[in-house]
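Everything below concerns the one structure shown next.
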């Protein structure tokens, strides 16, 4: 996938680097999910915010459905209330399924499309690249909140820069 | 600064778009700083973490010094313990000074340098682009933590997608 021509033409970040950037963050988020005690993953909150499981549901509702829209051009409604049956294993299973789907869908985004204007979930307008960065940034944002939840539970979170 | 050629050659994100991406996040972080009650900005913590002022000190210690290294190639030690004199106005003043410096330093990064390998602060190795995304992602991460601090203080944080 790495394209030497891209680097020689001064690409800031290549499509394959951006995919790896995202998947690296997703590996880190997976570790944060795994670090939660199962009960608190679904119940622990601070200041009236959502439990971390609900934030993860939002991330799953954005990643693959958003990419499918980018690839297929079809519009769907945004649905973020998933039923995990209060099971951490179920969340991790869905997370891993999304990892494989993201890799496959990414290969269907032609390089010239990153600057194309789109409207996602019937309402969010921007370029393909700005939409993808929104997906990633929103994940980092909520994962950062998950770190505070873990600390408040006395659990040491994964290292921020660990993307393995 | 926008370069039409870059878009036509399939740039995922152009240098000027990446600068605006970062500065948009920095405007959002500025709103989070401003939203804190002054005393709690320097004292409020959860789970043994740092107060938000200390996280902002880290962000300021990374942004301009990191960019100066990228531009000038000189290595400096990482120093993140700033003395704000417990003043929110002082933090916002330093934040705004950094905004201007970032704009000026960015113009000195030649487009082909984003894929160049560097070592920052004498220890962090990566490409220029991966270093810059680390700066941005680390800011989003800590700002997300600031959101939890604000909520736990009963303060409504700015909207995540507000980058104006």
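Over all directions, the projected convex hull of the C-alpha atoms in the protein assembly as shown averages 16.1 nm² in area. Legend: mean number of C-beta atoms from other chains within 10 angstrom of residue C-beta atoms, peptide B:128-139, equals 4.
In chain A, the longest principal axis of the Cα atoms and the axis of helix A:15-35 are about 10 degrees apart.
Neighbour counts of C-beta atoms inside 10 Å place B:100, B:64 in the sequence B:100, B:64, starting with the fewest. Note on the range A:13-164: Cα-only Rg and Dmax are 15.6, 47 Å. Between the Cα long axis of helix B:128-152 and the first principal axis of chain B there is an angle of about 20°, rounded to the nearest 10. In this simple spin-label approximation, residue A:117 and residue A:155 carry label points 7 Å from Cα along the Cα→Cβ vector, and these lie 4.4 nm apart.
Put in line by how crowded their Cβ is, counting other Cβ atoms within 10 Å and starting with the fewest, B:114, A:42 read A:42, B:114.
For the residues of A:145-151, the average number of beta carbons from a partner chain within 10 Å of their own beta carbon is 6.
Label sites at residue B:164 and residue B:74, each approximated as a point 7 angstrom past Cα along Cα to Cβ, lie 4.0 nm apart. Cβ-to-Cβ counts within 10 Å put A:134, A:147 in ascending order as A:134, A:147, the fewest first. Computed from Cα atoms, the angle from the helix A:88-106 axis to the main principal axis of chain A rounds to 0 degrees.
Helical content alone sets the calculated 222 nm signal of the protein assembly as shown at -19500 deg cm²/dmol, taking -39,500 (n - 2.57) per DSSP H segment of four or more residues and averaging over every residue. For the pair the range B:63-104 / the range A:56-75, the C-alpha centres are spaced 37 Å from each other.
Note on A:112-119: average number of Cβ atoms from other chains within 10 Å of each residue's Cβ is 3. With each label modelled as a point 7 angstrom along the Cα→C-beta vector, the residue A:16-residue B:100 pair spans 4.4 nm.
No lab work stands behind these numbers, since they all come straight from the coordinates. All figures in this text were calculated on a predicted structure; none of them were measured in a lab. When we count neighbours, we look across all protein chains shown, and the Cβ atoms used for this are built from the backbone with ideal geometry, even at glycine.
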